[in-house]
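Here the structure comes first, spelled out in structure tokens, and everything after it is commentary.
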Amino acid sequence: MFLRSHIRWFVVALLFVLQVINYLDRQTLSVMAPVLREQMHFSPQQYSYVVTAFLAAYTFGFAASGRLIDRIGVKAGMTAAVMLWSVSGILHAFATDWRHLAACRFLLGLGESTGPVGGAKAIGEWTPQRERGLSMAIFSNGMVTGAILAPPFVAWMSLRFGWRSAFVLTGIAGLLWLVPWNRFYHVPEKHPALTAGERELILSAKPKTESNAGFSVVLRNPKTYAVVLARLLTDPVPYFFTFWLPEYLRTSRHFSLALIGMVAWIPYLAADVGGLSGGAVSDWLLRRKGLNDARFRLLLAAACLTPAAAIAVRTSSAVAAIACIGIVLAAHSCWTVNLQTWMTEKFPRDQVGTVLGLSGVGSGVGGMIATLITGEVVARFGYVPVFTTLAGVHLAGFAVLWLLNTSKTGERFDVAA
């Protein structure tokens, strides 16, 4: 009976599983990077080209996927995207040099760009406002959970069956996910299993009319540029740790592959806690305290924790370094959850996918620029300049949000009723 009257939480769970698979696919190469660099003989710069190929496709895909999702719907858009990225993930197993890996990463990024957009839009459609922060946190933490599972799983698969097996199995997992997705998912207005009470709860929080706004209207909204620039500045943080953490632990902390598999998941566990806490606390502030700027307060709190990155690279203790990285990733998860939730609340329903997609363009551009710079900086100067820069990007992103989200009437970060 509980499931019958809480279908929305089953939707959230299904999207959570997709994000787990998404990050398993993405993180497999990162975990295997030290081994593949030795076997295929490519440099840190060439590795940055492989990563940038993914980010280039990710950025291009975001530019198109948001508008596409708004037009054809979440179900069809996500089905096509998961098929593409799952097959692309399997193709990694047949790569023989860094160029082949770059081609596979490009296809993977093209498919995976739709996942965050479609999932966040589905959360906005399926959850009432008072539950949206926690629901978005659960969905977003699927990525973090995938990052937690990837190091031990991929390392174990590689050591036992060879590195190619990890790419094949994670790709197959995505194809299997499509079975319950296509059988079960519908928009709330048409879902055959929804009770009248739950349908009313979900739909009562939605606007009665759509904005019917064209793309030009979205582009003229300063809040659009606020979220695009905020993600451009801050999303290089998770990209860096996704693509470079195993390499950093191997070269700077002298960890073996087995040890990387044992400990590299720990910062992502902290990220899980940060995302869930950030979503739950902002919901509580909104529901119990009536604070219209609840999401905004959590963004500021998260930004104030990220300078721990500067400590991580300077401490001589590997344990302290991993703890500081965990704080940074926890803060970023809190930041992401509240920023995405705010977007679903602040923009009209038929613009949400477009805005999420455009913000993803900012994410991808920032990630590409940062990754290419990281490859050069690490090769010449090591990791200290990189970590130091990451320590300040969230505070800069918060400043951008504060400035560009001030309207002519002085409105700041209020939550739409």
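The values are calculated or read from the model by the stated rules, or taken from the named source; none is laboratory data. Please read these numbers as outputs of a predicted model, since none were measured by experiment. Cβ placement follows ideal geometry from the backbone for every residue including glycine, while neighbour counts extend to all protein chains displayed.
Count, please, the residues in segment 32-72 that happen to be small (Gly, Ala, Ser) and farther than 24 Å from Arg231 by Cβ.
2
So which of Gln46, Gln19 ends up being farther than 20 Å from Gly360 by Cβ and touching a Phe, Trp or Tyr at 6+ places or on another chain (Cβ under 9 Å)?
Only one candidate passes the filter, namely Gln46.
Looking for something farther than 14 Å from Pro236 by Cβ and in a helix (DSSP H, G or I) - is there at least one such residue anywhere in segment 368-376?
Checked against the condition, which is being farther than 14 Å from Pro236 by Cβ and in a helix (DSSP H, G or I), segment 368-376 yields at least one hit.
Within the bounds of segment 57-72, is there any residue that is closer than 15 Å to Pro246 by Cα, under 19 Å from the mean Cα position of the chain (by Cα) and assigned to a helix (DSSP H, G or I)?
Looking through segment 57-72, none of the residues is closer than 15 Å to Pro246 by Cα, under 19 Å from the mean Cα position of the chain (by Cα) and assigned to a helix (DSSP H, G or I).
Is it true that Phe184 is over 23 Å from the mean Cα position of the chain (by Cα), at pLDDT 85 or above and either buried (at least 19 other Cβ atoms within 10 Å of the Cβ) or within 25 Å of Arg295 (Cβ to Cβ) (or both)?
Criteria not met by Phe184.
Taking only segment 312-321 into account, find how many residues are buried (at least 20 other Cβ atoms within 10 Å of the Cβ) and under 23 Å from Ser277 (Cβ atoms).
The number of residues fulfilling the criteria is 2.
Of everything in segment 155-168, what is surrounded by fewer than 18 Cβ atoms within 10 Å (Cβ to Cβ), assigned to a helix (DSSP H, G or I) and either touching a Ser or Thr at 6+ places or on another chain (Cβ under 8 Å) or free of Cβ contacts under 8 Å to residues at least 24 places away in the same chain (or both)? Give them in sequence order.
Listed by number, the residues that qualify are Arg160, Phe161, Ser165.
Between Ser256, Ser277, which is of a type outside the set (Lys, Arg) and closer than 27 Å to Ser359 by Cβ?
One residue alone meets the criteria, Ser277.
Please identify the pairs in which a residue from segment 295-314 that is over 17 Å from Trp284 (Cα atoms) has its Cβ atom under 9 Å from the Cβ atom of a residue that is hydroxyl-bearing (Ser, Thr, Tyr) and part of a loop (DSSP other than H, G, I, E, B), counting only partners at least 6 apart or on another chain.
Once the first residue is over 17 Å from Trp284 (Cα atoms) and sits in segment 295-314, its partners that are hydroxyl-bearing (Ser, Thr, Tyr) and part of a loop (DSSP other than H, G, I, E, B) give Val313/Ser252; Val313/Tyr383.
A quick yes/no check of all residues on (1) modelled with pLDDT of 85 or more; (2) of a type in the set (Phe, Trp, Tyr); (3) surrounded by fewer than 17 Cβ atoms within 10 Å (Cβ to Cβ):
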site	(1), (2), (3)
Gln19	yes, no, no
Thr28	no, no, no
Gln45	no, no, yes
Arg67	no, no, no
Gly77	yes, no, no
Leu84	yes, no, no
